[in-house]
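Here is the structure we will look at, set down as structure tokens.
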Amino acid sequence: MNTRLANFLSVVLHPLLMPTFLFLILFSLAPTVIGAESLGFLFKIGFIAFTFFYTFALPAYFIFLLKRWGIIGSIKLENLSDRRIPYFLTAAIYAIVGYIILSKNSVLFPCAYILWSISIVIFFVAIISLWWQISAHAAGIGGMIGALAGIMIQFGETALFIPLLCLILLAGVIISARLALNAHTSSQVGMGFLLGVISSLSSVYVFF
């Protein structure tokens, strides 16, 4: 895989975009599981926009500010020392957003639990990043796979099978991209993927 393609894939499959992708899939194919079966189309679009803003745009903006203030060296978080504050900050934002969703609309409590489970994954990545450069990209796609697999098995949502299969294929693509960029070793992407899958699967069985 050439460097240009690997960089492109690293951007479009960025970990911060995973919650938006996950909710798009669940709202479209398994709305009952997340309490969205009775919600109108405009409300669903608004919720997806809300998710995108608070789980991607806001954390990305804070990372930009950290770079501008000289606290981190690069917005790409290529160095281990750059990853710690952004990851802990992002985990806190996700946890707070989950609380806001739960307090404002109790019908969507599964969405809050999903965000909390993602927050847990990010928190673990942040802890590990204190001394080892585990792959957040692999953890993010692994988290999506674990969440969809757990929901499909526990609730019999067979409509999620094709998206799950596509995500497994995408996991191989993004892991290959990270390795091609020399951003991580094979053990770092492997452990990131396992962390995401196991944490998400566990969260589905505990919260749901």
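Tabulated data for the structure shown
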{"item": "Residues of the stretch 34-84 satisfying the condition of being under 22 Å from F124 (Cβ atoms) and touching a Phe, Trp or Tyr at 6+ places or on another chain (Cβ under 9 Å)", "result": "T51, Y54, T55, P59, L77, L80"}
{"item": "Criterion: under 13 Å from the mean Cα position of the chain (by Cα) and of a type in the set (V, I, T) - qualifying residue of I118, I96", "result": "I118"}
{"item": "Residue in the stretch 119-134 that is surrounded by the fewest Cβ atoms within 10 Å (Cβ to Cβ), counting only those that are among the aromatic types (F, W, Y) and in a loop (DSSP other than H, G, I, E, B)", "result": "W131"}
{"item": "Total residues in the stretch 135-159, condition outside any helix (DSSP H, G or I) and either of a type in the set (D, E) or crowded, with 24+ Cβ neighbours inside 10 Å (or both)", "result": "2"}
{"item": "Residue match in the stretch 171-182 (condition: over 14 Å from the mean Cα position of the chain (by Cα), surrounded by 22 or more Cβ atoms within 10 Å (Cβ to Cβ), in contact (Cβ under 8 Å) with a residue 12 or more places away in the chain and assigned to a loop (DSSP other than H, G, I, E, B))", "result": "no"}
{"item": "Residue count for the stretch 125-148, restricted to those that are farther than 20 Å from L170 by Cα and not hydroxyl-bearing (S, T, Y)", "result": "8"}
{"item": "Single condition D82 does not satisfy, out of (1) over 18 Å from S135 (Cβ atoms); (2) touching a Gly at 6+ places or on another chain (Cβ under 7 Å)", "result": "(1)"}
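Here, each number is a calculation from the coordinates, and none is a lab measurement. The model shown is predicted, which means the values in this text are computed figures rather than measured ones. Here the Cβ is made from the backbone with ideal geometry for all residues, glycine too, and neighbour counts use every protein chain on show.
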